[in-house]
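The values are calculated or read from the model by the stated rules, or taken from the named source; none is laboratory data. Predicted model, so just to flag it, every value in this text is computed and none were measured. Ideal geometry is used to build each Cβ from the backbone, glycine not excepted, and the neighbour counts take in all protein chains shown. Only protein heavy atoms, including side chains, enter the accessible area calculation; ligands, DNA and RNA are left aside. Shrake-Rupley method; radii C 1.70, N 1.55, O 1.52, S 1.80 Å.
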Amino acid sequence: MSEVTQYSRRGAVAVISIDSPPVNGLGHAVREAVLRCLESALGDDEVAAVVIHGGGRMFSAGADIKEFGTDLVLLPPTLRDLIDAAENAGKPVVAAIHGVAAGGGCEFALGCHYRIAAADARIGLPEVTLGIIPGAGGTQRLPRIIGVPAALDFIVQGKLNPAAKAYEVGLVDELFEGDAADAGVAYAEKLIAAGRGPRRTRERNERVEAARGKKEIFEQYREGSSKKARGLEAPLAAIESIENATNLTFDEGMEAEREIFARCVASEQSQAMRHAFFAERQVAKIPDVPKDTATRDIAKVGVVGCGTMGQGIAMAFANAGIPVKVLEVSQDALDAGLDKIAKTYDSSVAKGRLSPEDGKRFLSSIAGTLDFGDFADVDLVVEAVFEDLALKTEIFGKLDAVCKEGAILATNTSTLDINKIAATTSRPGDVIGLHFFSPAHIMRLLEIVRGDATEKDVVATSLALAKQLRKTGVLVGVCEGFVGNRMLLPYLREAYFVLEEGALPQQVDKAICDFGFPMGPFTMLDMAGLTVGYLIRKHQAATRPENERYSDIEDRIVEMDRLGQKTGSGWYKYEPGNRTPVPDPDIEKLVVETSEKLGIERREFSDQEIIERCLYPLVNEGAKLLEEGIALRSSDIDVVWLYGYGFPRFRGGPMFWADLIGTKTIYDKLVEFETVHGELMKPAALLARLAEEGKGFSDL
Ligand code: 3HC
Ligand code: NAI
């Protein structure tokens, strides 16, 4: 018994409970305490078998990731020492898994002689999602238990698998319902009665021998993985280590796994992916909105406007089990919107992404209306009408009149001032921005825009709601474009300038794609449609300083009625029914003519220069957002870009990436750019300060 374990004996069975909330991470104190319990059990003559299980919510989420890069990881007993002790035990050791057994938690179970799991447990080795490989024997023991092909799937995909799947492949010996300790004791008693002793995974060589010398299994897997996990090192490292299991002895394989693990942990990719893991969890922590802030119940929701966003937003709520009423301006518009929703569900069912029952259930929880009076009983309304302040304030006036006290009034505006909208109501404290990204039922990011008057419980409710919608909510302040779109602007602006100076769209897209984004800016623009940006630029023209550099290339493309993929052409052309962008000589001609018209002599661009030109100004804008307090933390900005814009996770997000490069390097480059390209490239004061102090954004 210790602060992090419980020990008891039930008849001839010793029960060790790992008791270290919230996730029973296997940090040093836990390893030491569990090992002590194990030694007690093994030294007790009355004990014939041992059960290990997790107290609280789960078996164990694995190694304590916070220990990585510190001396604690290697401080004995290491995780490997603990697992070896269980495996070498002279009495049968049973792992009774409930909740989650992940990473080192799963590896611990693999070193136990028998494994049973609750029917609703999830089991897996998600290390690759942190840029590492299982480092406590997972790559050597799992293939010995479930065979090489299944082990490749488990380890390289890095998913938490349902217990039923783990049972099917033989990872667990039995499934149970109910309490893990009880089930573990019952299983151990059966083992004792049957006279079954330890079954050491390290000695089970049959399945790895079956794959010995079969290079093709691994080659095939490598090929698939480099397509699916473009740019990622860890999946390839995991394949290498699993292949070792087939060609080396257990001990040699373990030694090689240790080396590969050490290489991965030290890599920038792993640092970035671990940063992303913690950034995602940090994002919900708001200094002045404590965790225990009461939230409002959101059981019924209204959506105003059933256009592109309104449809997606309605589906996002319906899919999370929250009934929605959608209001439109006319019966025709309502019918058209609801019809689109029905078609979207039909198509998901046809593609096998949704069961017909779920499709029907979700659709039936979305009702249409033309009457604001129907919103009298909703707990939240999300307004998603045209981007027009006068229209939005009119709508908020109507909502203010009909909605019950305490209802949250949210707007999905992407550019308008939420404080202005709030001020026209009698309840500005209940007004907030919920900025969904298109398609709203799919995109994980939700920017939660806090107005000057927004009440704390409205913020807390919105953060909880994001989780309920299976989205990542990031709290941001009011400014044009909030965090994501405001940073997108300089990124796109520089992409246009780079074209004017000598590059072509396909070259810029390739450089950005090779960096790790799923697509480059021009492919992205074509996919989203060029109209919105066009309207925003026209709107901004009034306030743009006269001598500020401005590229009109995209405006001219829009004026040619090339509005993007939906019209078959934009920055690229598209074959009917095919979304692959095809470079278009007409656009290349337009780009070259633009340079001529501007008197710019076109020159070669390297990929590195394209990255610096497009992404350093994006980081610079992030610095301004931090300066202005629009974003709370640099890691919040990273989350916005990871989930809203496909910034490569293995680079951690723009601000983390900037820290890896060094704020001084970025600052110096921006100063150089400013000299050549002018004021738009001026480094933010915060960036200048960090560069001078030799610090990064994560030091703030
Ligand atoms: N190490 C350190 N902290 C961890 C952790 C871990 N392995 N797993 C979770 N935590 C922390 C979280 O940061 C969070 O902290 P906070 O409350 O301060 O924000 C807290 O535990 C609760 O976590 P979640 O909010 O994620 O809880 P959920 O219930 O939503 O999810 C989970 C549970 C599915 C287990 C999820 O936490 C998870 O996926 N954890 C990581 C699993 C993993 O990747 N394990 C592999 C670790 S590496 C390893 O084992 C190496 C080995 O091979 C040598
Ligand atoms: P949209 O033009 O597709 O849909 C707007 C809908 O509002 C139309 O169906 C229209 O009939 C309806 N409407 C207009 N006046 C109304 C009224 N008085 N009462 C009820 N319904 C009315 O526009 P979209 O793209 O859906 O944008 C809506 C909002 O979402 C805008 O504020 C936009 O800035 C924002 N947004 C848009 C994103 C996008 O990618 N399209 C992304 C994030 C936010």
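Yes/no per residue for (1) farther than 15 Å from A238 by Cβ; (2) open to solvent by less than 10 Å² (accessible area, probe 1.4 Å):
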| position | (1), (2) |
| --- | --- |
| L82 | yes, yes |
| E87 | yes, yes |
| A96 | yes, yes |
| G99 | yes, no |
| E107 | no, yes |
| H113 | yes, yes |
| T129 | no, no |
| I132 | no, yes |
| T139 | no, yes |
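Within the stretch 661-683, the set of residues being aliphatic (A, V, I, L, M) and open to solvent by less than 40 Å² (accessible area, probe 1.4 Å) comprises I666, L670, M681.
Among the residues of the stretch 388-407, those that are buried (at least 17 other Cβ atoms within 10 Å of the Cβ) and part of a loop (DSSP other than H, G, I, E, B) comprise C403, A407. For the stretch 580-590, the set of residues classified as touching a residue at least 40 places away in the same chain (Cβ under 8 Å) and touching a helix residue (DSSP H, G or I) at 6+ places or on another chain (Cβ under 7 Å) consists of P581, P583, I587, listed by residue number. Within the option set I587, I600, I637, being more than 15 Å from G520 (Cβ to Cβ) and more than 34 Å from the chain's Cα centre (by Cα) holds for one residue only, I600.
Evaluate the following for L327: is it open to solvent by less than 40 Å² (accessible area, probe 1.4 Å) and away from ligand 1 (no atom under 16 Å from the Cβ)? Judged against the criteria, L327 is a match. Among the residues of the stretch 427-440, none qualifies, meaning not one is of a type in the set (S, T, N, Q), in contact with a strand residue (DSSP E or B) (Cβ under 9 Å, 6 or more places away or on another chain), within 14 Å of ligand 2 (Cβ to nearest atom) and open to solvent by 10 Å² or more (accessible area, probe 1.4 Å). Can you pull out every residue in the stretch 530-545 that is within 28 Å of S606 (Cα to Cα) and out of contact with any helix residue (DSSP H, G or I) (no Cβ under 6 Å at 6 or more places or on another chain)? Once the filter is applied, which keeps residues that are within 28 Å of S606 (Cα to Cα) and out of contact with any helix residue (DSSP H, G or I) (no Cβ under 6 Å at 6 or more places or on another chain), the stretch 530-545 yields only G533.
Here the condition is being within 12 Å of ligand 1 (Cβ to nearest atom), touching a strand residue (DSSP E or B) at 6+ places or on another chain (Cβ under 7 Å) and under 18 Å from S270 (Cα atoms); of A63, A102, A121, A136, it holds for A102 alone.
Candidates in the stretch 278-300 are the residues that are closer than 23 Å to A316 by Cα and within 14 Å of ligand 1 (Cβ to nearest atom); of these, the one that is surrounded by the most Cβ atoms within 10 Å (Cβ to Cβ) is V283.
Evaluate the following for G54: is it under 35 Å from the mean Cα position of the chain (by Cα), open to solvent by less than 40 Å² (accessible area, probe 1.4 Å) and within 16 Å of ligand 1 (Cβ to nearest atom)? Yes, satisfied.
Name the one entry in E32, E67 that is out of contact with any Lys or Arg (no Cβ under 8 Å at 6 or more places or on another chain), farther than 27 Å from H275 by Cβ and either open to solvent by 10 Å² or more (accessible area, probe 1.4 Å) or of a type in the set (V, I, T) (or both).
Of the residues listed, the single one that is out of contact with any Lys or Arg (no Cβ under 8 Å at 6 or more places or on another chain), farther than 27 Å from H275 by Cβ and either open to solvent by 10 Å² or more (accessible area, probe 1.4 Å) or of a type in the set (V, I, T) (or both) is E32.
Just give me the residues in the stretch 480-508 being within 22 Å of K420 (Cβ to Cβ) and either part of a helix (DSSP H, G or I) or modelled with pLDDT of 95 or more (or both), in sequence order.
Here is the first cut: in the stretch 480-508, the residues within 22 Å of K420 (Cβ to Cβ) are 480-486, 489.
Selection gives F482, V483, G484, N485, R486, L489.
Take E693 and tell me if it is surrounded by fewer than 21 Cβ atoms within 10 Å (Cβ to Cβ), acidic (D, E) and more than 27 Å from R544 (Cβ to Cβ). For E693, the condition - surrounded by fewer than 21 Cβ atoms within 10 Å (Cβ to Cβ), acidic (D, E) and more than 27 Å from R544 (Cβ to Cβ) - is met. Does L632 satisfy the criteria of being in contact (Cβ under 8 Å) with a residue 24 or more places away in the chain, open to solvent by 60 Å² or more (accessible area, probe 1.4 Å) and in contact with a strand residue (DSSP E or B) (Cβ under 9 Å, 6 or more places away or on another chain)? Yes; evaluated as a whole, the condition is true for this residue. I'm trying to understand the selection: among the residues of the stretch 366-384, which are open to solvent by 30 Å² or more (accessible area, probe 1.4 Å) and part of a loop (DSSP other than H, G, I, E, B)? Of everything in the stretch 366-384, those that are open to solvent by 30 Å² or more (accessible area, probe 1.4 Å) and part of a loop (DSSP other than H, G, I, E, B) turn out to be L370, D371, A376, D377. Among the residues of the stretch 348-404, the one identified as farther than 19 Å from G433 by Cβ, over 34 Å from the mean Cα position of the chain (by Cα) and among the basic types (K, R) is K404.
Under the condition of being open to solvent by 90 Å² or more (accessible area, probe 1.4 Å) and outside any helix (DSSP H, G or I), which residue from the stretch 333-361 is nearest to ligand 1 (Cβ to nearest atom)?
My answer is R353.
From the list L525, L563, L504, L530, which one is open to solvent by less than 70 Å² (accessible area, probe 1.4 Å), in contact with a strand residue (DSSP E or B) (Cβ under 6 Å, 6 or more places away or on another chain) and touching a residue at least 12 places away in the same chain (Cβ under 8 Å)? Testing whether each residue is open to solvent by less than 70 Å² (accessible area, probe 1.4 Å), in contact with a strand residue (DSSP E or B) (Cβ under 6 Å, 6 or more places away or on another chain) and touching a residue at least 12 places away in the same chain (Cβ under 8 Å) leaves just L530. Can you work out which of the residues in the stretch 185-224 that are of a type in the set (G, A, S) and part of a loop (DSSP other than H, G, I, E, B) is least open to solvent (accessible area, probe 1.4 Å)? For the stretch 185-224, the residue satisfying everything is A211.
Would you check if there is a residue in the stretch 666-685 being closer than 26 Å to R281 by Cβ and assigned to a helix (DSSP H, G or I)? Checked against the condition, which is being closer than 26 Å to R281 by Cβ and assigned to a helix (DSSP H, G or I), the stretch 666-685 yields no hits at all.
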